[in-house]
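Asks: Before we start, here is the structure in question, set down as structure tokens.
Coordinate-derived values only; no laboratory data. These figures come from a predicted structure and were not determined experimentally. Neighbour counts run over all protein chains shown; Cβ positions are idealised from the backbone, glycine included.
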Amino acid sequence: MRQTMAILGCACALVLAACGGNSVNIPEGPMPQGGSFTGVWHSPQYGTMQMVQTGNNVIGEYTKDERTGRIQGTARGNVLRFQWSEERELVAGRPVVTRGRGYFVYAIGEDGDHYIRGRWGVDDDESNGGEWNAARDRRARPSLSNDGSGSSSGGEDNFEEFDSADDSGGSGSGSSSGSSSGSDDDALDLDGL
């Protein structure tokens, strides 16, 4: 039954995303008992994510291959809506910064593990980029760099600037593909919901 509900929920999210619009209508539910976005999460799309939740506020960082990024958002029940900012350095000394929005829905699977399933989008869209899923590492504790303030690249990667910035420069060039390389994350089971 739980698996059927999860499949229906994902199908509804995909239908809503396909219909267009910047914000996806995600029904908020209560946070499962013992749940928190705080933790070290392993994502097939974005590698290791470290997030800390304080009240309704969530901040985090992620790293995979040549990309490093930050997350900042607000949780309401089991739904986290966030902004992300990512730096990729494909050419040494020439980082490309992209920004966008996204959401995660928190759930505890039948196996007892904690999962987040969601999507990311470029600029003001929450879902046009692709899937973003992760499973929480039961043993690890998050450790954010710079006390959670993000990268040390100065104000360039600042979320206050993101909120007030115009749409120039964020058209998706250099943005994440959302695809999985399938290398060290093959053992990750996100279908356990």
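Asks: If each residue's Cβ is checked for other Cβ atoms within 10 Å, how do Asp125, Asp65 rank with the fewest at the top? Mind dumping the intermediate values first?
Replies: On the way: Asp125 20, Asp65 11.
Lowest count first: Asp65, Asp125.
Asks: Still on this structure, please answer the following. Determine, for Thr68, Thr48, the number of other Cβ atoms within 10 Å of each Cβ, and report the residues in order from fewest to most. Let's see the in-between values first.
Replies: Numbers: Thr68 21, Thr48 17.
Placing the least packed residue first, the sequence is Thr48, Thr68.
Asks: Sorting Val52, Val24 on the 10 Å Cβ count, fewest up front, what's the list? Numbers along the way, then the final one.
Replies: Numbers: Val52 18, Val24 21.
So the ranking, lowest neighbour count to highest, is Val52, Val24.
Asks: Here's another thing I want to ask about it. Could you work out the pair-distance distribution P(r) of the range 35-144 from its alpha-carbon pairs, with 5 angstrom bin width and percents rounded to whole numbers?
Replies: So the P(r) values, bin by bin, are 3, 13, 23, 27, 19, 10, 4, 2, 0, 0.
Asks: Gap in Å between the Cα centre of the range 32-49 and the Cα centre of the range 51-74?
Replies: 10 Å
Asks: In a shell of Cβ-Cβ distance under 12 Å around Ile26, excluding Ile26 itself, what net charge do Lys and Arg (+1) and Asp and Glu (-1) give? Spell out each step's value before the answer.
Replies: On the way: positive: Arg76, Arg81, Arg117, Arg119; negative: Glu28, Glu126.
Summing Lys/Arg as +1 and Asp/Glu as -1 gives +2.
Asks: If each residue of separation counts as 0.36 nm, what is the full-extension length gain between Asp113 and Arg141 once their alpha-carbon separation is subtracted? Spell out each step's value before the answer.
Replies: Details: separation 28, 0.36 × 28 = 10.08 nm, distance 1.55 nm.
So the extension gain works out to 8.5 nm.
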